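The values are calculated or read from the model by the stated rules, or taken from the named source; none is laboratory data. What you see is a predicted model; the values in this text were computed from it and never measured. Don't worry about glycine lacking a Cβ; one is built from the backbone with ideal geometry, like all the others, and counts go over all protein chains shown.
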Amino acid sequence: MANKTTKMKAWQLHAFGLENLSLDTVEIPTPKPNEILIKVGAVSLNFRDKAIVDGIYEPEMVPKPLIPVSDAAGTVVGIGSDVTRFKIGDRVISHLYSHWIEGTPAPNEPDFCVGMPLPGGLAEYMILEEESAVLTPSTLTDEEASTLPIAALTSWFSLVTYGNLKAGETVVLQGTGGVSIFGLQIAHALGARVILTTSSDEKGEKARVLGADEIINYVKTPDWAKEVQRLTNGKGADQLLEVVGGEGLNDSVQATKVAGQVAVIGFMAGQTTNLDLMSVIFKQTKVQGIAVGHRKAFEEMNKAFDKYNIKPVIEKVYSFEQAIDAYKHLAKGAFGKIVIKIS
Ligand SMILES: NC(=O)c1ccc[n+]([C@@H]2O[C@H](COP(=O)([O-])OP(=O)(O)OC[C@H]3O[C@@H](n4cnc5c(N)ncnc54)[C@H](OP(=O)(O)O)[C@@H]3O)[C@@H](O)[C@H]2O)c1
């Protein structure tokens, strides 16, 4: 490491609640033989990060103090003696399910999630096992790359890894948050037709600029599933990313075609649902649970971001010292992502 100092600034969560997140001075960690030390350039926030701070996301698993935030991008400045995947100076991104490399997930993947229970990236430096990082797409800055690990990979894993999305197919996306805007950009780049629902006509226009073909205002048109059926000549969409959750899952089944895929991702409107099984049975809907994705899919996605020149949509970049304001912004919702620049 060029910098000889042994101390760094890190935000640490000492107890649940945003008021218990403080900017502390701590030791810079030393990489073990299979680990890399990263000078963090930027992190991005997800719903999960706020839920962890609020104590409503697996609270019994949260160590104290915790350096939070899973999604980070930066530069390798130190490597352990056994590291072969990376060298000093490589630009890398963290991988949330840090031990899930490919194939079927192991039952204990959540035990190895970056940002909780493992330390996260809201610090000047962070440690990752070398298997838990991927190279940054060459076309992206650290601020842009920090948005990929959860929101982008979740969309890619749903649409492409599970959904095998093809040009000409139709995708329904709900709202204009991080997951849905990446879903829009990926689907549009792959030549799919995008129908996007939103509460705001203004956000709908911004989504059109990014490539959305049809916009449905779900406040003005509560039966948006019927509108999707109309827009697809009664066939229904090929795929839908369900980020809202709750009872709306029934609408999502209605909005998709026979044997279409509903990727169950979010739970903003509730973690349980009364699903009409007869609709699922007669339509033979594929209801696919999604937990972000594995590293192989992350690496494939990064190549696609370079190939199609996809630029993450960032609503605001906060400074390291303004981390609390960034969390408060996240709570209000954003068009795309919220980023904290660190160095
Ligand atoms: N399973 C996984 O692997 C995984 C990964 C990532 C995220 N998630 C979950 O997915 C959900 C979304 O995450 P995110 O990061 O995209 O959230 P976000 O950035 O906070 O997006 C929230 C957006 O959802 C839209 N929305 C809210 N209620 C809606 C409704 N009834 N119908 C349609 N849209 C609605 C709103 O868009 P408008 O303002 O345009 O109306 C809102 O801005 C969260 O529950 C999160 O925990 C799960």
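Being free of Cβ contacts under 8 Å to residues at least 40 places away in the same chain, farther than 21 Å from Met116 by Cα and of a type in the set (D, E, K, R) is the filter here; which residues of region 42-94 pass it?
Answer for region 42-94, where residues must be free of Cβ contacts under 8 Å to residues at least 40 places away in the same chain, farther than 21 Å from Met116 by Cα and of a type in the set (D, E, K, R): just Lys87.
Anything in region 287-305 that is farther than 20 Å from Val114 by Cα and either within 16 Å of the ligand (Cβ to nearest atom) or touching an Asp or Glu at 6+ places or on another chain (Cβ under 8 Å) (or both)? List them, or say none.
Matches in region 287-305: Val287, Gln288, Gly289.
Taking only pairs six or more apart or across chains, which ones have beta-carbon atoms under 9 Å, a first residue in region 272-300 that is more than 30 Å from Ser138 (Cα to Cα) and without any contact (Cβ under 8 Å) to a residue 12 or more places away in the chain, and a second residue that is of a type outside the set (D, E, K, R) and away from the ligand (no atom under 16 Å from the Cβ)?
If the second residue must be of a type outside the set (D, E, K, R) and away from the ligand (no atom under 16 Å from the Cβ), the pairs left are Phe282/Val258.
Inside region 111-192, counting only strands (runs of 3 or more DSSP E) that do not spill past its ends, which hold 1 or more residues that are closer than 15 Å to Arg295 by Cα and touching a helix residue (DSSP H, G or I) at 6+ places or on another chain (Cβ under 7 Å)?
Qualifying strands (runs of 3 or more DSSP E): 133-135.
Taking region 23-60, which residues are out of contact with any strand residue (DSSP E or B) (no Cβ under 6 Å at 6 or more places or on another chain) and away from the ligand (no atom under 16 Å from the Cβ)?
Scanning region 23-60 gives Glu27, Thr30, Lys32, Pro33, Glu60.
Evaluate the following for Gly266: is it outside any strand (DSSP E or B), within 15 Å of the ligand (Cβ to nearest atom) and touching a residue at least 60 places away in the same chain (Cβ under 8 Å)?
Yes: the conditions hold for Gly266.
Can you tell me which residue within region 269-286, out of those that are aliphatic (A, V, I, L, M) and part of a loop (DSSP other than H, G, I, E, B), is farthest from the ligand (Cβ to nearest atom)?
Going through the qualifying residues, I end up with Leu275.
Among the residues of region 35-45, count how many are in contact with a helix residue (DSSP H, G or I) (Cβ under 6 Å, 6 or more places away or on another chain) and either surrounded by fewer than 24 Cβ atoms within 10 Å (Cβ to Cβ) or under 16 Å from Thr84 (Cβ atoms) (or both).
Of the residues in that region, 2 qualify.
Which of the following residues is surrounded by fewer than 13 Cβ atoms within 10 Å (Cβ to Cβ) and within 15 Å of Glu242 (Cβ to Cβ): Gly289, Gly266?
Gly289
From the list Val258, Val264, Val209, pick out the single residue that is touching a Lys or Arg at 6+ places or on another chain (Cβ under 7 Å) and β-branched (Val, Ile, Thr).
Answer to the selection: Val258.
In this structure, does Leu249 turn out to be away from the ligand (no atom under 16 Å from the Cβ), of a type in the set (A, V, I, L, M) and without any contact (Cβ under 8 Å) to a residue 60 or more places away in the chain?
no
Please determine whether any residue of region 131-148 is within 11 Å of the ligand (Cβ to nearest atom) and in contact (Cβ under 8 Å) with a residue 40 or more places away in the chain.
The answer is yes; a qualifying residue exists.
Looking for whichever is touching a residue at least 60 places away in the same chain (Cβ under 8 Å) and either within 12 Å of the ligand (Cβ to nearest atom) or under 20 Å from the mean Cα position of the chain (by Cα) (or both) here; the options are Gly183, Gly175. Which one fits?
From the options Gly183, Gly175, the qualifying one is Gly175.
Pick from region 204-238 the residues that are small (Gly, Ala, Ser), in a loop (DSSP other than H, G, I, E, B) and in contact with a strand residue (DSSP E or B) (Cβ under 9 Å, 6 or more places away or on another chain): which of them is farthest from Ala334 (Cα to Cα)?
Here the answer is Gly236.
Restricted to region 195-214, and to residues that are without any contact (Cβ under 8 Å) to a residue 24 or more places away in the chain and either under 16 Å from Leu240 (Cα atoms) or not assigned by TED's automatic domain parsing to the domain that holds Val172 (or both), which residue is surrounded by the most Cβ atoms within 10 Å (Cβ to Cβ)?
Ranking the qualifying residues of region 195-214, first place goes to Thr198.
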